[in-house]
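Presented below is the structure to which this report refers.
The values are calculated or read from the model by the stated rules, or taken from the named source; none is laboratory data. Computed from a prediction, not measured in an experiment: that's the story for all the values here. Cβ: placed from backbone, ideal geometry, glycine included. Neighbour counts: every protein chain shown.
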Amino acid sequence: MFIDRIRNYTKKFNTKGIFWLIPISILGGILNFFPHLNYPYLFHVDEWFHVTQAKQFVLGSTINWYTGDVFHLEMERGWHLMLATIQYLFNLDITQWIFIPTVFQILAILSVYLFVSRLLGKKEALISSLLIALLPSNATIGGPVFLVPVNTCLIFIPLGLIFAFKLNNLKNTYNYISLFVLLTFTLYAYPPTAIILLTIIFLYFLQNIFSKDPNCRMNATYLLITVFVSILVSLPNFIYELEQRGVESIKFNFWVFLEGLPLLLGIIPTIFFVLGFYLLFKNGKKEHLAILFTALILIVNIIFFNNFGLSYLLPYQRTYIPLFLIMSIIASHGFIKLIDLDKKKIGSILLVLVLISTTVISVHENINANYYKIIDDDDYENFLWIKENSPNNATILSDPWKARALATIAERRVYAVMPFGPDEEQMKVVNSALNFLQQNCTNTSFLIDNNISIVYTNICQNPNLMELKDNIYFFEK
């Protein structure tokens, strides 16, 4: 009797997809954390910046540790406030922050499963969840391994679409309130995620507003009102940035060409993305078409950048992860169509073989990916020592790359930090720091003029700099 109950529960779990969702989530978590097994620190410069913003907010800093200007949260305020909440609740050491991307990756897998199971079916949901678990990461496009806000798309676009497409049993009021909350959060957390979500919603809205069905037109009206109010509420997040910088194009000096898409996502998933695209387009459902045309818009964005080197509104480098999300969802439908070849279960066998091949290839690519490392164990220990043995108002000069992590760990102002992209003004400061270090710190007037009290480097030949610990020099005026 007991064994029969266990079997019944197992069948029920299999039906809902939970049985297979657990190992998929575990696989995604392992692949996400694997690069940190021998490196307990953050990788990407963006990660250090976001954690620094969170720490400064929690500590109530008035001075930006990177620039010396008055501290304020950047446009990604929702993202930084979310990280600040985590910091406030758990008081994480910098070596503990590396677990947070893994948590977000598992949430992304669950979010995609919830959405796709309602949009296409549970089988497609499992496959798309697997493809999300296998998503690549690199320094150019970002990805789940990093603690970067572009990954919000993996969680909040699927959740937002559940409410936008009304793929639930909620009353209209609660449905649109939920969409409003999620959309507003993305507008405050990471505008590019919101732009992609809004693009899908807008394409869906157009199909409904021109429908002959009065219910569709009514839903489109409610959708428009929800979006309008959400954008209106989010305007304070953009006013400051628009006043400071205006509307400008975003330039990059390196990129991934369109031909690299299949190599990044995987040849097999890309093939089934094309098949799934054709099948869903042929089906012609409003929800499917909205997603399909958004994928095309993102691909066109990449083509435009590849040809002109400019990106407007949607940062080019942050196009890939949301595009891979949509491609994974579409590809899952292509994969499932293999089952239709069900002569003597050939289709099911082919599906299993193709999924195993996809997994093996992707796992191999993920575990062999290279990530740059800004600091080592000695740097970490030295930065902690500086935090414990220097005044709060100290200004530290170091290698501009290491300075990104130094400010985060030592919680002190740094003189120069390498900018995220081409920035002539910041590069002047960076070059002055590099020149000072290349001259073995001999320019004492440079230290005085810039109010520098600590220098972190391996060689200093200046009698006014006292080495209190390996590579840590205090300036005695």
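Considering only residues of segment 208-239 that are within 29 Å of I321 (Cβ to Cβ) and aromatic (F, W, Y), which is surrounded by the most Cβ atoms within 10 Å (Cβ to Cβ)?
Among them, the one singled out is F238.
Do we have any residue at all in segment 308-323 that's farther than 19 Å from P262 by Cα and part of a helix (DSSP H, G or I)? Explain how you work it out, then say what you get.
The initial filter retains those residues of segment 308-323 that are farther than 19 Å from P262 by Cα, namely 308-315.
Those left that are additionally part of a helix (DSSP H, G or I): 308.
So far as segment 308-323 goes, yes, one or more of its residues are farther than 19 Å from P262 by Cα and part of a helix (DSSP H, G or I).
Considering only helices (runs of 4 or more DSSP H) fully contained in segment 140-235, which possess at least 2 residues that are modelled with pLDDT of 95 or more and over 19 Å from L298 (Cβ atoms)?
Values: elements: 152-164, 172-189, 191-209, 214-234.
Once the helices (runs of 4 or more DSSP H) in segment 140-235 are filtered for at least 2 residues that are modelled with pLDDT of 95 or more and over 19 Å from L298 (Cβ atoms), what remains is 152-164, 172-189, 214-234.
Please specify each residue of segment 178-207 satisfying the condition of being surrounded by fewer than 20 Cβ atoms within 10 Å (Cβ to Cβ) and either touching an Asp or Glu at 6+ places or on another chain (Cβ under 9 Å) or farther than 26 Å from L81 by Cα (or both).
Hits for segment 178-207 are F202, L203, L206, Q207.
Residues in segment 189-205: is at least one in the same structural domain as P236 (by TED's automatic domain parsing), free of Cβ contacts under 8 Å to residues at least 24 places away in the same chain and over 30 Å from E74 (Cα atoms)?
Checked segment 189-205: at least one residue is in the same structural domain as P236 (by TED's automatic domain parsing), free of Cβ contacts under 8 Å to residues at least 24 places away in the same chain and over 30 Å from E74 (Cα atoms).
Matching residues to (1) surrounded by 21 or more Cβ atoms within 10 Å (Cβ to Cβ); (2) within 29 Å of T140 (Cβ to Cβ); (3) within 32 Å of the chain's Cα centre (by Cα):
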site	(1), (2), (3)
L406	yes, yes, yes
E411	no, no, yes
P422	no, yes, yes
Q426	no, yes, yes
L434	no, yes, yes
N451	no, no, no
Y456	yes, yes, yes
M466	no, no, no
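Here is a yes/no grid of residues against (1) within 19 Å of I196 (Cβ to Cβ); (2) aromatic (F, W, Y); (3) surrounded by fewer than 22 Cβ atoms within 10 Å (Cβ to Cβ):
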position	(1), (2), (3)
F99	no, yes, yes
V116	yes, no, no
S128	yes, no, no
L135	yes, no, no
N138	no, no, yes
P144	yes, no, no
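Could you tell me which numbered condition L338 fails, if it satisfies all but one of (1) in contact with a Ser or Thr (Cβ under 9 Å, 6 or more places away or on another chain); (2) over 30 Å from I448 (Cβ atoms); (3) not in a helix (DSSP H, G or I)?
(3)
This table checks each residue for (1) in the same structural domain as I267 (by TED's automatic domain parsing); (2) touching a helix residue (DSSP H, G or I) at 6+ places or on another chain (Cβ under 9 Å); (3) farther than 16 Å from N458 by Cα; (4) not aromatic (F, W, Y).
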{"residue": "V363", "(1), (2), (3), (4)": "yes, yes, yes, yes"}
{"residue": "T395", "(1), (2), (3), (4)": "no, no, yes, yes"}
{"residue": "W401", "(1), (2), (3), (4)": "no, yes, no, no"}
{"residue": "R412", "(1), (2), (3), (4)": "no, yes, yes, yes"}
{"residue": "F420", "(1), (2), (3), (4)": "no, yes, yes, no"}
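State which residue pairs qualify: first residue charged (D, E, K, R) and inside segment 153-181, second residue surrounded by fewer than 23 Cβ atoms within 10 Å (Cβ to Cβ) in any location, beta carbons under 9 Å apart, and separation of 6 or more residues or different chains.
Within 9 Å, the pairs are K166/N172; K166/N175; K166/N219.
Only one residue in L110, L135, L114 is part of a helix (DSSP H, G or I), within 19 Å of the chain's Cα centre (by Cα), in contact (Cβ under 8 Å) with a residue 40 or more places away in the chain and closer than 16 Å to L154 by Cβ. Which one?
Working: L135 fails: part of a helix (DSSP H, G or I); L114 fails: within 19 Å of the chain's Cα centre (by Cα).
Only one candidate qualifies: L110.
Could you count how many residues in segment 43-63 are surrounded by fewer than 17 Cβ atoms within 10 Å (Cβ to Cβ) and either in contact (Cβ under 8 Å) with a residue 12 or more places away in the chain or under 22 Å from P101 (Cβ atoms) (or both)? It would help to see each step written out before you state the result.
Quick first cut of segment 43-63, residues surrounded by fewer than 17 Cβ atoms within 10 Å (Cβ to Cβ) only: 58-60, 62-63.
Of the ones still in play, those that are also either in contact (Cβ under 8 Å) with a residue 12 or more places away in the chain or under 22 Å from P101 (Cβ atoms) (or both) are 58-59, 63.
Total satisfying the criteria: 3.
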